[in-house]
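Below: the structure, in structure tokens.
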Amino acid sequence: MNLIIVGKPGAGKGSVAEVFKEKSDIIHLSTGDIFRKEMKEHTTLGELALSYIGKGQLVPDSVTNDIIYKILEKNPSGSYLFDGYPRTVNQAECLEQMMEKLNMKLDLVCDLEVKDDLVIFRLSGRRVCKSCGTIYHVINHPPKKDGICDVCNGEVIQRADDKEEAIKARLNVYQNQTKPLIDYYKAKGLLRSVDGDQSALDVYLDIMEILDNEKGR
Ligand code: AMP
């Protein structure tokens, strides 16, 4: 099974992916996580990514498509959950070509629908452990000791792209570059909408129900 989750930044794509990882063998493919790892290791790709991500902009399609192809070609028979990719129509077209070449099939695209004010609340309050990546929220789920990760004692920080200016830029990028994907996949009959205002577990259960219904058709 190959599944794409699309949605605004802060829609909860990563949290839903965590539930999928717990409950299935699906491979979580998050381009955001890949870029963050490269940035942490100060690689050439990481430095390039940082120059876009810090401003809330997208990393160029050619770079991102290349990363995905290299992963898929190593294991085309795996089940993938695409989180944060594709993010432009160009990336979606490229993914389609890659899948065709590798004999892969896209089963479903889930659009996680959330209201803008919830997205801003989630992103501006989000904090993350610099070492192990555990996610916190200043109001909903703060670490027990301020600034220190409960899991590994690492430093809990705010992501550069969760600062107010970058959030605004990311929402604009979503509106202009990512939202057209909704129509793209709707036209292909692959798009289903899911209520992203609920818990990650409930979103997961909704997606599983959709997948079951699709199988029964
Ligand atoms: P995310 O964790 O998915 O919100 O991604 C964090 C940032 O990484 C985004 O705001 C973009 O700057 C960059 N990024 C992640 N995925 C992509 C993609 N598919 N194409 C271009 N840039 C991306």
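Summary of values
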read-out	value
Out of Lys13, Lys21, sole residue that is within 12 Å of the ligand (Cβ to nearest atom), modelled with pLDDT under 95, touching a strand residue (DSSP E or B) at 6+ places or on another chain (Cβ under 7 Å) and charged (D, E, K, R)	Lys13
Scope the range 33-48; condition closer than 18 Å to Ile157 by Cα and either in contact with a Gly (Cβ under 9 Å, 6 or more places away or on another chain) or among the charged types (D, E, K, R) (or both); matching residues	Asp33, Phe35, Arg36, Lys37, Glu38, Met39, Lys40, Glu41
Hits in the range 50-72 (condition: assigned to a helix (DSSP H, G or I), more than 7 Å from the ligand (Cβ to nearest atom) and farther than 14 Å from Gly84 by Cα)	Leu50, Ser51, Ser62, Val63, Asp66, Tyr69, Lys70, Ile71, Leu72
Close pairs from the range 18-43: first assigned to a helix (DSSP H, G or I), partner of a type in the set (S, T, N, Q) and within 15 Å of the ligand (Cβ to nearest atom), Cβ under 7 Å, at least 6 apart	Thr31/Thr64
Residue that is out of contact with any strand residue (DSSP E or B) (no Cβ under 9 Å at 6 or more places or on another chain), among the aliphatic types (A, V, I, L, M) and surrounded by fewer than 15 Cβ atoms within 10 Å (Cβ to Cβ), where the choices are Ile139, Ile167, Ile157, Ile120	Ile139
Test: residue in the range 49-58 that is buried (at least 18 other Cβ atoms within 10 Å of the Cβ), closer than 25 Å to Leu191 by Cβ and either modelled with pLDDT of 95 or more or of a type in the set (S, T, N, Q) (or both)	no
Criterion violated by Asp111 - all others in (1) farther than 15 Å from Tyr174 by Cβ; (2) more than 14 Å from the ligand (Cβ to nearest atom); (3) not aliphatic (A, V, I, L, M) satisfied	(1)
Members of the range 131-178 found to be in a loop (DSSP other than H, G, I, E, B), within 16 Å of the ligand (Cβ to nearest atom) and out of contact with any Cys (no Cβ under 8 Å at 6 or more places or on another chain), listed by number	Gly133, Gln158, Arg159, Lys163
Any chance Ser30 is among the polar types (S, T, N, Q) and more than 10 Å from the ligand (Cβ to nearest atom)	no
Qualifying residue in the range 82-101 (condition: away from the ligand (no atom under 16 Å from the Cβ) and closer than 21 Å to Asp61 by Cβ)	yes
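Yes/no per residue for (1) of a type outside the set (Ser, Thr, Tyr); (2) more than 20 Å from Val128 (Cβ to Cβ):
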{"residue": "Lys8", "(1), (2)": "yes, no"}
{"residue": "Arg36", "(1), (2)": "yes, no"}
{"residue": "Ser62", "(1), (2)": "no, yes"}
{"residue": "Lys70", "(1), (2)": "yes, yes"}
{"residue": "Gln97", "(1), (2)": "yes, yes"}
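Residue-wise test of (1) in contact (Cβ under 8 Å) with a residue 60 or more places away in the chain; (2) closer than 23 Å to Val6 by Cα.
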residue: Phe121; (1), (2): no, yes
residue: Cys129; (1), (2): no, no
residue: Tyr136; (1), (2): no, yes
residue: Pro142; (1), (2): no, no
residue: Lys145; (1), (2): no, no
residue: Cys152; (1), (2): no, no
residue: Ile157; (1), (2): no, no
residue: Gly189; (1), (2): no, yes
residue: Val194; (1), (2): yes, yes
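The values are calculated or read from the model by the stated rules, or taken from the named source; none is laboratory data. Quantities reported herein were computed from a predicted structural model and do not represent experimental measurements. Quick reminder, even Gly has a Cβ in these numbers, built from the backbone with ideal geometry, and neighbours come from all protein chains shown.
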